[in-house]
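Can you read through this structure? Questions will come right after.
The values are calculated or read from the model by the stated rules, or taken from the named source; none is laboratory data. None of the values given here were measured: they were computed from a predicted structure. With ideal geometry, Cβ positions are generated from the backbone for all residues, glycine too; neighbour counts draw on all protein chains shown. Surface accessibility is based on the protein's heavy atoms, side chains included, excluding ligands, DNA and RNA. Shrake-Rupley method; radii C 1.70, N 1.55, O 1.52, S 1.80 Å.
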Amino acid sequence: MDDKKEELGLAEVFAYEGEDENVANHFFANFAASEFDDDNNVAFNAKELNWKNGDRMKEYTDLINQHTVQPVVTMTNPHSVEDLFFNDEVAMIHQGNWIVPALDDMDPSFVQEKLGILPVFADDDLPGRNVAGSNWVIGINKTKSKDETQAAIEFLNFLYTSEKGKEIVSDEFQLVPPTKDVDIDDISAPVSRQLYQEVLDDTAAPMTYKQEPYGFLRASLAPNFQKYLAGQLSWEELTKRTSADFKQMRQVQTVD
């Protein structure tokens, strides 16, 4: 594809958002799941990050960084998604189906006709996978009044179990539903249907990265990953620093 950029009208193959720390976390998610046995509980209780698939993540990172619009560390979401990707100046970005509403606002046909999603081959012994599924446990504040907590319960029941609520989640918000009883044909975006089917088939990688120690992304993973992208840090040093930070943060936050 790099050899055919001029023929295809591409400025570059990728527009990777090095500026967005959440993209770093989502990218990391592809390579972290199997280290924690594809289990959110294992991830939540993990005391160490050993970078089981670190070499593969480095290969992907180096490939993208070699063929992305530069400077990568200042690439923002609007420029990546709404300028370069939407206007066919790059072929690929690292994103999820949450960009569907923004693309629909500009041109609904883009999502239906042009938008696809590719799996990441993060593990030597597993097929390519996409990260998808439910990763949060929704809590209700028990210190609130009885009326307030009951209203919260009723709202959640409406949003995730009523026909109107499920329509809002899958059609208006274009999200992958957190329940398995949604008619897949009611999900309008092809990429969201694909991800939902992978969740139903249990072929998606779970979102174990959401169970990392609080503050790990902002204080360690994102800044060190940005430094690697900018050539200011070796991959060996990145894994060393983030592993030490992960361990220390987990120790501090663990209550016996």
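Per-residue answers, yes or no, for (1) open to solvent by 20 Å² or more (accessible area, probe 1.4 Å); (2) in contact with a helix residue (DSSP H, G or I) (Cβ under 6 Å, 6 or more places away or on another chain); (3) β-branched (Val, Ile, Thr); (4) more than 14 Å from Ala29 (Cβ to Cβ):
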site: Pro190; (1), (2), (3), (4): yes, no, no, yes
site: Val199; (1), (2), (3), (4): yes, no, yes, yes
site: Ala204; (1), (2), (3), (4): no, yes, no, no
site: Ala219; (1), (2), (3), (4): yes, no, no, yes
site: Pro223; (1), (2), (3), (4): yes, no, no, yes
site: Gly231; (1), (2), (3), (4): yes, no, no, yes
site: Glu237; (1), (2), (3), (4): yes, no, no, yes
site: Arg241; (1), (2), (3), (4): yes, yes, no, yes
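Do we have Asp171 as touching a helix residue (DSSP H, G or I) at 6+ places or on another chain (Cβ under 9 Å), in a helix (DSSP H, G or I) and not aromatic (Phe, Trp, Tyr) here?
yes
Does region 124-147 contain at least one residue that is surrounded by fewer than 15 Cβ atoms within 10 Å (Cβ to Cβ) and part of a helix (DSSP H, G or I)?
yes
If you don't mind, another one. State all residues of region 15-61 that are within 30 Å of Phe86 (Cα to Cα), in a helix (DSSP H, G or I) and of a type in the set (A, V, I, L, M, F, W, C); if no residue qualifies, say none.
Val23, Ala24, Phe27, Phe28, Ala29, Phe31, Ala32, Met57 - these are the residues of region 15-61 that are within 30 Å of Phe86 (Cα to Cα), in a helix (DSSP H, G or I) and of a type in the set (A, V, I, L, M, F, W, C).
Can you tell me how many residues in region 77-92 are touching a residue at least 12 places away in the same chain (Cβ under 8 Å) and either closer than 17 Å to Glu7 by Cα or exposed (fewer than 14 other Cβ atoms within 10 Å of the Cβ) (or both)?
7
Also, quick follow-up: Filter region 3-37 down to residues that are in contact (Cβ under 8 Å) with a residue 40 or more places away in the chain and open to solvent by 60 Å² or more (accessible area, probe 1.4 Å) and give me whichever is nearest to the chain's Cα centre (by Cα).
Asn22
Select from region 87-106 the residues that are part of a loop (DSSP other than H, G, I, E, B) and farther than 22 Å from Gly9 by Cα and list them in ascending order.
Hit for region 87-106 is Gly96, nothing else.
Each row is one residue, and each column tells you yes or no for (1) assigned to a loop (DSSP other than H, G, I, E, B); (2) at pLDDT below 95.
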site: Val182; (1), (2): yes, yes
site: Asp185; (1), (2): no, yes
site: Leu221; (1), (2): no, no
site: Gly231; (1), (2): yes, no
site: Glu236; (1), (2): no, no
site: Thr242; (1), (2): no, no
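If you check every pair at least six apart or on different chains, which have Cβ atoms under 7 Å apart with a residue in region 105-128 that is closer than 14 Å to His94 by Cβ first and a residue that is of a type in the set (Val, Ile, Thr) second?
If the second residue must be of a type in the set (Val, Ile, Thr), the pairs left are Leu115/Val191; Gly116/Val191; Ile117/Val191.
Please enumerate the residues belonging to region 38-74 that are closer than 15 Å to Phe216 by Cβ and surrounded by 18 or more Cβ atoms within 10 Å (Cβ to Cβ).
Ala43, Ala46, Leu49, Trp51
Still on this structure, please answer the following. In region 159-170, what count of residues is obtained for those that are closer than 28 Å to Ala205 by Cα, open to solvent by 50 Å² or more (accessible area, probe 1.4 Å) and over 26 Å from the mean Cα position of the chain (by Cα)?
Total meeting the criteria: 1.
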